[in-house]
Ligand code: F6P
């Protein structure tokens, strides 16, 4: 049974999504009866040393004592992983930064009985990184510190790791993964890697367990058939938001993403109010289509005052770009980025809500559901229902659901 066991070694600076990928990979493989264990150096260090090792100096490569202790922890976990594969496990994931060549050579020298697949997580998006670090410093390890001090300490720790960082290149089997975009940047597979097809496909799949895609409640502009702007919810709109809040009260929704427009935030606030723990994260990427010179006009006014705009848009709604504004096609990039950011920032959550706009929600739906481009600008996006989306490697579900007011 030598060839159906595998070590996976995560590589990457702190806050690059390694642990999440390790966890999701474990969940995914386990579902297929492939018993998988995670051996996390950080967890072991915290268990062994408590708060003492949250100090940045512990990570200074010149601090011999720190380096020794980290080396010992790595060896202990390697031993545990090897033991796990010897007994009942099939895949053992070593979850740590493993950024130095020396450390990786040590690993390759120590565990030789089964192949090793290295997965390097890379994420250069500053904003996402900042948000990930904010989540990290909220962990118990930093709870004794003020937020700014914890952030400073964490960044110092990253800097120490950066000094030792040698990207994957010499290893026999590796994948370099853009962990924000689920994109493989480079891969090298020399040995026969068990479950490789499944793992590779998993790494590039956008996964969302439960995404509830909601359109903001009714606004005055909606009643007047006006587009764009930044109007408030009407009384009916507030009632719709409260109806949604009652519906979602029965579920745990730790994160709600909105646009930066008042109508989406006003829809999210009552939902948050009925949740135990919930954060609203407004993302500019989810702002409604910018209708340029037509902002705040009604469709009738556009038809009467700018017939050329009206006609051109009617003829090719997907590709048409409003003068000084946007079109569906030109919004695609920012929508894709918004979706990636939302999925990345909520990656441990079982359920998330996005409160968007009509055009925005059409684009989000088309990200998960195949539609011909010319049909995307006509997808049905009502205000008294929401879409429930599940997208995993094995399951795609899309359901339009009503909620009661
Ligand atoms: O609710 C109105 C609205 O969100 C406008 O702000 C936006 O311009 C429009 O819907 C998008 O829908 P369509 O592309 O069908 O005009």
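Quick check on the range 299-309: of everything there that is assigned to a helix (DSSP H, G or I) and surrounded by 17 or more Cβ atoms within 10 Å (Cβ to Cβ), which residue is farthest from the ligand (Cβ to nearest atom)?
Filtering first and then ranking leaves 309.
In the range 132-154, what residues are in contact with a helix residue (DSSP H, G or I) (Cβ under 7 Å, 6 or more places away or on another chain) and assigned to a helix (DSSP H, G or I)?
The answer is 133, 136, 141, 142, 150, 151, 153, 154.
Looking at 333, 357, which one is assigned by TED's automatic domain parsing to the domain that holds residue 216 and buried (at least 20 other Cβ atoms within 10 Å of the Cβ)?
Exactly one of 333, 357 is assigned by TED's automatic domain parsing to the domain that holds residue 216 and buried (at least 20 other Cβ atoms within 10 Å of the Cβ), namely 357.
Residue check: is residue 243 out of contact with any strand residue (DSSP E or B) (no Cβ under 7 Å at 6 or more places or on another chain) and within 12 Å of the ligand (Cβ to nearest atom)?
In short, no.
Quick check on this structure: which one of 213, 185 is touching a helix residue (DSSP H, G or I) at 6+ places or on another chain (Cβ under 8 Å), outside any helix (DSSP H, G or I) and closer than 26 Å to residue 27 by Cβ?
213
Residue by residue through the range 170-196, note down the ones that are out of contact with any strand residue (DSSP E or B) (no Cβ under 6 Å at 6 or more places or on another chain), at pLDDT below 95 and at negative phi.
170, 180, 181, 183
Give, as residue ranges, the strands (runs of 3 or more DSSP E) completely inside the range 310-402 that count at least 2 residues that are at pLDDT below 95.
396-402
Given the conditions (1) out of contact with any helix residue (DSSP H, G or I) (no Cβ under 8 Å at 6 or more places or on another chain); (2) more than 16 Å from the ligand (Cβ to nearest atom), report the number of the one that residue 236 does not fulfil.
It fails just one condition, (2).
Of all residues in the range 109-131, which are closer than 28 Å to residue 196 by Cα and not in a loop (DSSP other than H, G, I, E, B)?
109, 110, 116, 117, 118, 119, 120, 121, 122 - these are the residues of the range 109-131 that are closer than 28 Å to residue 196 by Cα and not in a loop (DSSP other than H, G, I, E, B).
Please identify the pairs in which a residue from the range 373-391 that is closer than 25 Å to residue 319 by Cα and without any contact (Cβ under 8 Å) to a residue 60 or more places away in the chain has its Cβ atom under 7 Å from the Cβ atom of a residue that is within 12 Å of the ligand (Cβ to nearest atom) and not in a helix (DSSP H, G or I), counting only partners at least 6 apart or on another chain.
Going by the 7 Å Cβ cut-off, the qualifying pairs are 373/318; 374/318; 376/318.
For residue 258, all conditions in the list (1) surrounded by fewer than 20 Cβ atoms within 10 Å (Cβ to Cβ); (2) in contact with a helix residue (DSSP H, G or I) (Cβ under 6 Å, 6 or more places away or on another chain); (3) under 11 Å from residue 354 (Cβ atoms) hold save one; what is the number of the exception?
Among (1) surrounded by fewer than 20 Cβ atoms within 10 Å (Cβ to Cβ); (2) in contact with a helix residue (DSSP H, G or I) (Cβ under 6 Å, 6 or more places away or on another chain); (3) under 11 Å from residue 354 (Cβ atoms), residue 258 violates only (1).
Of everything in the range 368-387, what is more than 9 Å from the ligand (Cβ to nearest atom) and either surrounded by 18 or more Cβ atoms within 10 Å (Cβ to Cβ) or not assigned by TED's automatic domain parsing to the domain that holds residue 242 (or both)? Give them in sequence order.
368, 376, 386, 387
Would you please name the residue that is farthest from the ligand (Cβ to nearest atom), looking only at residues in the range 190-222 that are surrounded by 14 or more Cβ atoms within 10 Å (Cβ to Cβ) and without any contact (Cβ under 8 Å) to a residue 40 or more places away in the chain?
This residue is 200.
Which residues, taken from the range 276-298, are exposed (fewer than 14 other Cβ atoms within 10 Å of the Cβ) and either within 12 Å of the ligand (Cβ to nearest atom) or assigned to a helix (DSSP H, G or I) (or both)?
284, 293
Restricting attention to the range 247-261, report how many residues are within 13 Å of the ligand (Cβ to nearest atom) and either at pLDDT below 95 or out of contact with any strand residue (DSSP E or B) (no Cβ under 8 Å at 6 or more places or on another chain) (or both). Even if it seems obvious, please write down each step before you answer.
From the range 247-261, those within 13 Å of the ligand (Cβ to nearest atom) are 259, 261; that's our starting set.
Okay, now just the ones that are also either at pLDDT below 95 or out of contact with any strand residue (DSSP E or B) (no Cβ under 8 Å at 6 or more places or on another chain) (or both), so 261.
Total meeting the criteria: 1.
The values are calculated or read from the model by the stated rules, or taken from the named source; none is laboratory data. Since the model is a prediction, treat every value here as computed from it, not as a measurement. Positions of Cβ are generated from backbone atoms using ideal geometry, with glycine treated the same way; all protein chains shown enter the neighbour counts.
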